[in-house]
1. When the expected Rg is taken as 2.2 N^0.38 Å, what fraction or multiple of it is the alpha-carbon Rg of the stretch 306-391?
2. Which of 341, 154 comes first, and how do the rest follow, when ranked by fewest Cβ neighbours within 10 Å?
3. With just the Cα atoms of the stretch 96-171, tell me how far they stretch along each of the three principal axes, in Å, largest first.
4. Taking the structure as given and computing Cα extents along the principal axes in Å, which label from (i) 71, 59, 49; (ii) 53, 48, 42; (iii) 86, 47, 45 fits?
5. On a full-extension model of 0.36 nm per residue, what is the gain between residue 383 and residue 163, subtracting their alpha-carbon distance, rounded to one decimal in nm?
6. Applying 1/(1 + (r/R0)^6) with R0 = 30 Å to the Cβ-Cβ distance of residue 23 and residue 48, what FRET efficiency is obtained, to the nearest 0.05?
7. For 386, 108, what ranking results if the residue with the fewest other Cβ atoms within 10 Å of its Cβ goes first?
8. May I ask you to derive the FRET efficiency for residue 206 and residue 349 from their Cβ-Cβ distance with R0 = 51 Å, giving the value to the nearest 0.05?
């Protein structure tokens, strides 16, 4: 039942609305030459644009960049990578507009450009998504990777994550930003270098890989729904463009203009999908493997498997930290500032539960809540995008 609802929401509601929003945002950006570039009053914000980039990357670069890409290729073939790029192109435009609007419509709401009632529904769904997709699913993937690669029991990973997460997020935005400023660049470089090494070891196959990507993108299999549908879905779900989560932090930025913060949003999508997901796809296809794990094991041996397991752990942990801020802000908005302390404890405990539990129900509820977050956000972006230059 949950799978049916999830597939309907993502395939028949979110993806079409996302593409419409992408077209609208591209037209607006071209027609109006982007958002207002005028300077704003200094001091209107708690974090710098660069810090918002690192936190947003922490939340978007997760285990899906490793595992999700291989699933997309398995379902849609090499052509899925092309449609993943298409989704990223539209996603950059949507993310630019929603983050620029976040600066324009600053308010006490998590997403200021939403009506108050809709904003409350959005905030509740964001709390569910932060605990499910942003937390438990990530800790489960990380615990599984460490168990496979290093024989570390899942409960040990869960306990370490539980304590470490609380130590980081107990300081609120300041603690989260301090962590992401330091760790996200290290994490990104670690995986990029590892993936490039796998690609380099199979470099003779790379020209053929690009040929397959473009030829299979327009094959009968792609047009009938395989590569096209899975590629777009993978690109959208990876970068979270249109979901509205990254706007929660962007509205706290001290960016000098909506244009500057819009560029931050677009950059996050570029790094997440165009760079990280593409490197994963090239590693898989150049090694002629069925999965990311297969590509690293086949090319680098046991050491490659260990490197990948560490990458999954790093990506999962940073996603947990990034999403904690979104959940914290929505909790404070709905239930008051004091409730944030309760959320921090519950959120940290859920990392342990996620590491040791079977999460079929959590997957289903998390995917549904994430899609339901995105639908009202995309509608708001479609109707308000024309105002990014004039409001």
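1. Scaled against compact globular proteins, the figure is 1.42.
2. The order, fewest Cβ neighbours first, is 341, 154.
3. Result for the stretch 96-171: principal-axis Cα extents of 49, 24, 23 Å.
4. (ii)
5. Numbers: separation 220, 0.36 × 220 = 79.20 nm, distance 4.31 nm.
So the extension gain works out to 74.9 nm.
6. The formula returns an efficiency of 0.45 here.
7. Ordered from fewest to most neighbouring Cβ atoms within 10 Å, 386, 108 come out as 108, 386.
8. 0.70
Laboratory data are not the source of any read-out in this text; all were calculated from the coordinates shown. Please read these numbers as outputs of a predicted model, since none were measured by experiment. Here Cβ is always computed from backbone atoms with ideal geometry, including for glycine, and neighbour counts include all displayed protein chains.
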